[in-house]
1. For region 185-194, take each phi angle, set θ = phi - 60°, evaluate the Karplus expression 6.51 cos²θ - 1.76 cosθ + 1.60, and give the result in whole Hz per residue in order, putting x for glycine and proline.
2. Per-residue counts of other Cβ atoms within 10 Å, averaged by peptide: what ranking do you get for 11-22, 188-199, highest first?
3. Between F9 and residues 5 or more places away or on another chain, which pairs have amide H atoms under 5 Å apart, with H built 1.01 Å from N, and which residues are they?
4. Step by step: find N for the chain, compute 2.2 N^0.38 Å, then divide the Cα radius of gyration by it. What's the final number?
5. What order, most packed first, do the peptides 122-128, 168-174 have when packing is the mean number of other Cβ atoms within 10 Å of each residue?
6. How much mean residue ellipticity at 222 nm does the chain get from its helices, if each DSSP H run of length 4 or more adds -39500 (n - 2.57) and you divide by all residues, to the nearest 500 deg cm²/dmol?
7. How many nm is it between the label spots at T35 and S146, if each spot is 7 Å from the Cα in line with the beta carbon?
8. Relative contact order, percent, of region 19-80 when contacts are C-alpha pairs under 8 Å separated by at least 6 residues?
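Bear in mind that the values in this text are calculations on the coordinates, not laboratory data. Values in this document were obtained by computation on a predicted structure and should not be read as measured data. Reconstructed Cβ throughout: ideal geometry from the backbone, glycine too, with neighbour counts over all protein chains shown.
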Amino acid sequence: MKERNLFLFDFDGVLADSLDLYSEAVARCLLRIGTPIVKNKEDYLALFEGNFYESMVAKGVDLVAFAGAAKEILPGIDYDAMKPFDGLIPVLEALQKDHLLAVISSNGSRTIRRMLERFGFDPYFQEVFGSDFLFSKKDKIAHALSKYGIDHERTFYIGDTTGDILEAREAGVRTVAVTWGWHSREKLVAVHPDFLVDKPEDLLKI
């Protein structure tokens, strides 16, 4: 019997094309609480060079206040504007036949589940670990390893930002950077992921 691998997918920038939607919404949340540290898309993307929440704390953001503002603002954004990236369903279907798939993200679990269902991705994922389950992706990865009993060498974290790759490396798993997401290919190359993929079907070659 073929050994199963564990594929842990980031959501935003890997499965969902959501950069414009969230950069604007987060900027509004931060303005609401009096710490307007995101003035443009580049400011927003810089928060993902490490852990998103740790980056905000380092810039003086009160996470409790931010969460309060997010509860008011995020339900009102146009989720219909969020689209899946093309070419993912055949890849997810192929991977899910022999391996375990889960989502680990800084986004909220309820939002992710709602979008996975709308995109037709829901049947392929075993579980979603969102912002309501630990802030650190490193800790979420450790939890998933323990829960599914799969070792580090057979676990792959698929992300689109330098922060994703750094946190996954700290967790001791294989790192996969995708170039269709939020951070540029050059930024991703600079943090030396184990694998760099330019299109979804390349995930099947890992």
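1. For region 185-194, the Karplus curve yields 4, 4, 4, 5, 4, 5, 9, 6, x, 5 Hz.
2. Details: 11-22: 21.7, 188-199: 15.5.
By packing density, highest mean first, the sequence is 11-22, 188-199.
3. The answer is A102, V103, I104, I158.
4. Cα-based Rg divided by the globular estimate yields 0.98.
5. Top of the packing list down: 168-174, 122-128.
6. One gets -12000 deg cm²/dmol as the mean residue ellipticity at 222 nm.
7. Those two pseudo-labels are separated by 2.8 nm.
8. 40
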